[in-house]
Amino acid sequence: MLKQFRRKEEGSTIVIAAVSLTALIALLGLVIDGGMYFSERTHLQKTANAAAISSAQELTGEDESQVLNILEETLDHHHELDSKVGHIINMGEKVTVELGRTYDTTFMSLFGIDSIDVGARATASLGSMGRAVGAAPLGIDESIELNYGEEYELKVDEEDVDTGNFGVLALEGPGASTYKDNLINGFQEELEIGEVVDTQTGNIAGPTQEAVDILINSCDNMYERNCPRILLVPVYRPHNHNQNQMKEVEITGFAYFYITEPMDRQEKSIKGEFIERTGSGYELDEAPNKGAFTVRLSE
């Protein structure tokens, strides 16, 4: 009887060991394949985010195919072009990309689970710029209607301007040298709507001509992403008048201005056109639509 009991005990031990080993393999498979799943999904999500953000940069244009081209180029760069399930492009608003593929399991296949579907989705939307770094020391009154593609002149002297303000801002303090540096390189501190800034007084046509000469020769394509001829211009409302001269303005928005022509020695205004484009900055709900947009992930 004792021998029979021992045989039963040994049999039970074998069964328990087999069950334990199976459970251990299942747990190991869950850890390994689960880890691979999350790794694959993270990669897909990052790729979807990158594709949505990159392609959304072109939503201000008129060619939807350009948005799609950049979306697919980004996917191809991340080796996930074949994973594209679909996309939705709403020009001037947002772009959505959906990715999906099948991940082949390793250990879980021992339990009949040969593959797992992995998916990701991202939407990038345009928003009106309300905070930004790199603004030019030039401004445009908010009362002036911006018709994109039409020529405008930003005056840089006091002639024929009743208020004495000629669209030149002292973003980093007064002085022609500081103004010229800010016009070429942009003001390297953040400006935000609601902020009050000083205006630059006096005739600074000379430094403007010198800066414009540098900028006009830097690129010849307004669609080039980093073209220095494209200036980020604060939109303002008059804030502080003193003896028919405007001392301060309040920033109410941002616009993009493309310099179209060089200045000759007799000119005292910068000729160009306002354009719609995206750039580095931050969206604010209260920011008006003046053609300067940021891109953010909205889903």
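Quick note: the coordinates plus some simple rules give every number you see, no bench work behind them. Predicted, not measured: the structure shown is a model, and the values here were computed from it.
Observations
- Taken as Cα centroids, segment 276-292 and segment 174-210 sit 21 Å apart, rounded to the nearest whole angstrom.
- 5 angstrom amide H check on Gly253, placed H, neighbours 5+ away: Val235
- Karplus (6.51, -1.76, 1.60) ³J(HN,Hα), θ = phi - 60°, over segment 273-278, in Hz, Gly and Pro reported as x: 9, 7, 10, 9, 6, 9
- Straight Cα distances below 15 angstrom link Lys84 to the aspartates and glutamates Glu40, Glu72, Glu73, Asp76, Glu98, Asp117, with same-chain residues fewer than 8 positions distant left out.
- Among the listed pairs Lys94/Lys155; Lys46/Lys271; Lys94/Lys180; Lys155/Lys290; Lys94/Lys247; Lys180/Lys247, those beyond 30 Å (Cα-Cα): Lys94/Lys155; Lys46/Lys271; Lys94/Lys180; Lys94/Lys247
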